[in-house]
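Beneath this line is the structure, given in structure tokens, with notes to follow.
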Amino acid sequence: MLSRDLLTWQEACVKVSDMSDPTRFSMRVPEGDNRERAVCDDCGYIAYVNPKIVVGAVCEYEGRILICRRDIEPRRGFWTLPAGFLEEGETTEAGARREAREEALARITITALLGVYNVARISQVHLFYKARLEGGQCGVGEETAEVALVRYDEIPWEEIAFPSVEWALERYAEVRGTDRFAPFLFPEGDDRDAMRSPSDGDP
């Protein structure tokens, strides 16, 4: 077990450098590991780079789905579901509720895990939930230019921001009448991920 002093020094190393001074780090295979990592030459701290988790929800109210027009890059001006990166110390369900509140001023009740999409090319995992929009109340929140409640046949498919949002909406149509189903997975052979994916922004 690491001593408190050593752990504090390593924490400071990460906070101060945040990899902004690459000369303090070198790429090498740490002892007991099997791949190259960025290792601090001063204290030996290993700066692991792990996949990012994105959480969101398909929120329904009386047959209509909540969608948001993005007001940030990437894909500014395109429509999406309320979704974003999971925060530290947060469950995936809590993250999906927070994103709905922040982006669409919406209060939602999650009813089921809809899909888990491994977007390995950009080292992200996207989790979308099926949810109920409480009271049908929504509005323009952070990072959002416009919100709308649309029927499934009114979804602006040509203006959807990201493939994982399309997958979630398509799978939702298959289970809209039930909350008892196995979560859907990445659609093998679907080339939309290669066509259009966030590179360094959230969906």
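I155 is checked against (1) closer than 17 Å to L86 by Cβ; (2) modelled with pLDDT of 95 or more and fails just one. What number does that condition carry?
If we test I155 against (1) closer than 17 Å to L86 by Cβ; (2) modelled with pLDDT of 95 or more, just (1) comes out false.
Name every residue in the stretch 103-147 that is over 19 Å from R75 (Cβ atoms) and acidic (D, E), in order of residue number.
E134
Got a number for residues in the stretch 82-116 being of a type in the set (S, T, N, Q) and in contact with a Leu (Cβ under 6 Å, 6 or more places away or on another chain)?
1
For V147, indicate whether it is assigned by TED's automatic domain parsing to the domain that holds D71, free of Cβ contacts under 8 Å to residues at least 40 places away in the same chain, aliphatic (A, V, I, L, M) and more than 17 Å from T92 (Cβ to Cβ).
Spelling it out, it is not the case that V147 is assigned by TED's automatic domain parsing to the domain that holds D71, free of Cβ contacts under 8 Å to residues at least 40 places away in the same chain, aliphatic (A, V, I, L, M) and more than 17 Å from T92 (Cβ to Cβ).
Considering only the stretch 93-137, state which residues are of a type in the set (D, E, K, R), in contact with a helix residue (DSSP H, G or I) (Cβ under 7 Å, 6 or more places away or on another chain) and without any contact (Cβ under 8 Å) to a residue 40 or more places away in the chain.
R107
What do you reckon, is G77 part of a loop (DSSP other than H, G, I, E, B), touching a Lys or Arg at 6+ places or on another chain (Cβ under 8 Å) and at pLDDT 95 or above?
So G77 passes the test.
Looking only at the stretch 28-46, decide whether some residue is crowded, with 19+ Cβ neighbours inside 10 Å, in contact (Cβ under 8 Å) with a residue 60 or more places away in the chain, in contact with a helix residue (DSSP H, G or I) (Cβ under 8 Å, 6 or more places away or on another chain) and not charged (D, E, K, R).
Checked against the condition, which is being crowded, with 19+ Cβ neighbours inside 10 Å, in contact (Cβ under 8 Å) with a residue 60 or more places away in the chain, in contact with a helix residue (DSSP H, G or I) (Cβ under 8 Å, 6 or more places away or on another chain) and not charged (D, E, K, R), the stretch 28-46 yields no hits at all.
Of (1) hydroxyl-bearing (S, T, Y); (2) surrounded by fewer than 19 Cβ atoms within 10 Å (Cβ to Cβ); (3) touching a helix residue (DSSP H, G or I) at 6+ places or on another chain (Cβ under 9 Å), T80 satisfies all except one. Which?
With respect to (1) hydroxyl-bearing (S, T, Y); (2) surrounded by fewer than 19 Cβ atoms within 10 Å (Cβ to Cβ); (3) touching a helix residue (DSSP H, G or I) at 6+ places or on another chain (Cβ under 9 Å), T80 is out only on (2).
Here is a check on your reading of the model: is V54 under 14 Å from the mean Cα position of the chain (by Cα), crowded, with 16+ Cβ neighbours inside 10 Å and under 15 Å from G136 (Cα atoms)?
Here the answer is no, as V54 does not meet what is asked.
So that you can scan it fast, the table gives a plain yes or no per residue for (1) surrounded by 24 or more Cβ atoms within 10 Å (Cβ to Cβ); (2) touching a strand residue (DSSP E or B) at 6+ places or on another chain (Cβ under 6 Å):
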residue: G95; (1), (2): no, yes
residue: L105; (1), (2): no, no
residue: I110; (1), (2): no, yes
residue: L114; (1), (2): yes, yes
residue: H126; (1), (2): yes, yes
residue: Y129; (1), (2): yes, yes
residue: G135; (1), (2): no, no
residue: E142; (1), (2): no, no
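Take the residues of the stretch 68-77 that are over 20 Å from L149 (Cβ atoms) and not acidic (D, E): which is surrounded by the most Cβ atoms within 10 Å (Cβ to Cβ)?
Checked the stretch 68-77; the qualifying residue surrounded by the most Cβ atoms within 10 Å (Cβ to Cβ) is R75.
The values are calculated or read from the model by the stated rules, or taken from the named source; none is laboratory data. Computed from a prediction, not measured in an experiment: that's the story for all the values here. Reconstructed Cβ throughout: ideal geometry from the backbone, glycine too, with neighbour counts over all protein chains shown.
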